Amino acid sequence: MVQVAFFVGAIGATGGALAVIALRNPFYSVLALVVHLVSLAGLFLLLYAQFVAAAQVVVYAGAVMVLYVFVAAYVGAVEEPIWEPIPGQRFLAPLLAVALLVELTIAILGTGLTALDSEGPTVHAGFGTPAEIGNLLLERFLVVFEAASMLLLIAAVGAVVLAGRRTTPPTSSASRPGSAGSGSEVAAGPHAPTATSSLAPADPPSAAEQGG
Amino acid sequence: MTFHAPHIDYAGLSPVIALTAGICAVLVGGVFSARRQRLVVSVLSLTTVAVAAGLCIWQWGEREDLVAGALRLDELGLAGALIAILAAAVVIPLSWREPAAERPGSEPRHGEFQALLLSSVLGMVLLAQAQNLVVLFVSLELLSVPLYVLCGSAVRRTQSLESGLKYLIVGSLGSATLLYGLAFIYGGSGSTDFTTIRDAVGSGLTDDPLVLIGIALAATGLAFKISIAPFHQWTPDVYEGAPTPVTAFMAVATKAAAFCVFVRFFEVALGPAVDNWQPALAVLAAVSIVVGNIGALGQSSLKRLLGYSGVAQAGYMLVGIVCASALGVNALVFYLAAYTLMNLAAFAVIVVRERESGYGDGIKAFEGLGRDRPDLAWPLTIAMLALAGLPATAGFMGKLYLIEAAVDADYTWLGVAIAIGTMISLAYYLRVVAAVWMRPAAEPLAPEGAGMPAMAGGSPEADPLPSLAAATAAPRPGTRCLAILVPAWLMAGATIFFGVLPSPLVDWASHAGGALTPFLA
Amino acid sequence: MLHSYLPVIVFAGLGVIVGGTLAMVNGLIGPRRPSRAKDDPYECGLPSEVTRTFRFGISFYMIAMLFILFDIEVVFLYPVGVILRAAHSVFVLVEVIVFVVLLMVALIYVWRRGALDWR
């Protein structure tokens, strides 16, 4: 039973990952990534990491994927060539990837497989439950817990700094001739105060016009 | 399941707490003070920085584990923290007229700018003290994420956005590689605590394939952060594109914190496997010295030049880790401090010049500086000569200690590599000095950037160009900018001072090395 | 271990079987009279026009980004909430308050900068 679950999860994870890079439509890639992440969550479950599995589904397969869809939609479907256009990289990249694979395989064969026939680690009851994780977060990893909060704070600030609306002061929004090039605006620099003040009264009617 | 609250030594944790409180204050102060934002925010953040520095100095000499062994309070960590705090204290005034924070024609963003800077410092303080794989990774992210944002914060310059994006992608690649390595090390040794890993590795895991792969991947990830060749390609581009104050901060503070954790991780946790990582790091150091120095030769942008020079300097400093001796750690910490002083002096001058001349940070902007602006020419000259390692500067003493440590650890050839690298580096550092003193001033370019560049990715309708604000924000040539000149002179003065009288700094650095003595052969 | 998840597996299996069967039966025995309206991806309201260069506004992106941040916060708070009663200590409460206050600062910031306004 566990073996069946493992192979379902493993095939899902590998197949999903392959599909992410092989599919040409970015939306399909995102969906394949969801398959990959949900399969990974299943594998986590087999490793007794229940909370991690749940978090994986909630955060990655749920929230992060929504963001990916937005990004894919925002960037739009660009016709990407399916092969790497940089000539050297085209051959070098797979070569290095294979080298890494060989290296990792050697490492894993060297140690990991001695436990292949065993039942895995014996874990105590309650391992991987939210309560256990909560204890760890507040005992051993308290610094990490608070640092994570700080990281989220900074991420919010960063998102607003980079993607937030730029609020413009009221004076500049008034002095917006529809088709003026930047050159004429620079030239008008010294005279700008008078220009804006003369234009300012004209603003409310135009706004009302737009509103109507 | 029972819960046992960990013992918390609030005194030892006080710099971290002060920084956290300061960041919140700066952020909230920034959004609630629209009119005098720069003043309010700067007072708050400079106070935070001063308090944090004071607390670090107060805790100097304490050696203990903090919060269930997550952090290690010792001189090495505090030295890294102090360097990062110093860098932030200098960079805050540098950022006062930075368009990324000042935002001509738009609401100023000093609060965000300085809060991001401080949170990066917080990440560095945690990183320099980290004694646990999880803490290491989270604090590295806390260090990097604000920097990604800061690099791209000049949203009106395409190069800045490019720099932010490049740094984000390469930095994430480095972080992922590091995390992969940490996972292997955890898998091999079964622990995330540095000291427990040390015991596990020491008891027969030195040649364990899992641990070896972990070491290789972790070293690669850290090498990305400190821009060791061949993982340095992002450095010149990111340095050039980022707002100059951010570049200054990134160049010195990131290196200091990342080197501190590099030393602690490799000498403490992976100390028993020294025979396996030592030759690899030695090769990386040598490659970095060669690549950095040769790459810098043809650069015409001073920020790119300093980027490549940073690669070479990182190579020199890596020698301190390769030595795996207290002498090496001392030399490394000394060099980190010296590097901070020289680089901050140089970047302060670049910040001023970039705003005055139309040549940006190109070497043309510095021609004739000796005659027109001797107050700027001297700090730059001292910084360049110190980076090149001329005698009577802190850079010379630092290189001397590094070579001494290398020879002592039977890595004489690395000492020779440092010497050869220094000789090559003279070519490009002296080129800058020559431009400053021996060339006539270049024709002043009409600063075409007076109008504001359109926001990258923005549409003209949604992004009106407020010409008035841009015109007033354009700096007038000849402004004295005391807030920048004073730090520049202080840094340059300290560079000379510690070159002539190195003993205070040597003492300071040797405490840092002493903290690791129990773990060093 | 796996036995406690048996209901989940049964549930997922039933979902796949029932859903798949219904879809298949529908295709096999249902009448087939295609019309333009039926082929539309979304059948209500205005005729939808989905092109390859369809773009969302940046406001969606901003909200999604902030949603993720606070979503992750909940993931952190959940395990702590589970032990809050058993731990029965002021220390835990204080730590959780610090965590939440830091995010409160984020919320204040985001609100004051107008990132929550829909424009």
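The mean of 1/r over all pairs of different alpha-carbon atoms in chain B, once inverted, gives a Kirkwood hydrodynamic radius of 23.1 Å. Let a ≥ b ≥ c be the square roots of the eigenvalues of the Cα gyration tensor of segment A:1-80; is it rounded (a/c under 1.5), or, if not, prolate (a/b larger than b/c) or oblate? Because a/c hits 1.5 or more and a/b fails to exceed b/c, segment A:1-80 counts as oblate. Amide H contacts under 5 Å for B:Gly358: B:Leu445, restricted to partners 5 or more places along the chain or on a different chain, H placed in the peptide plane at 1.01 Å from N. Each Cα pair under 8 Å and six or more residues apart adds its separation to the average, and for chain B the resulting relative contact order is 16 percent.
Determine the shielding of peptide C:83-89 by partner chains: average, over its residues, the number of Cβ atoms on other chains within 10 angstrom of each Cβ.
Other-chain Cβ atoms within 10 Å of each residue's Cβ, averaged: 5.
Residues of chain B were split at every exposed loop site, defined as chymotrypsin sites (Phe, Trp or Tyr not before Pro) in a DSSP loop with at most 16 other C-beta atoms within 10 angstrom, and the longest piece left, sites excluded, is B:61-521.
Quick note: the coordinates plus some simple rules give every number you see, no bench work behind them. Only a predicted model underlies this, so the values are computations on that prediction, with no experimental measurement involved. Every residue, glycine as well, gets a Cβ built from its backbone with ideal geometry; the counts of neighbours run over all protein chains shown.
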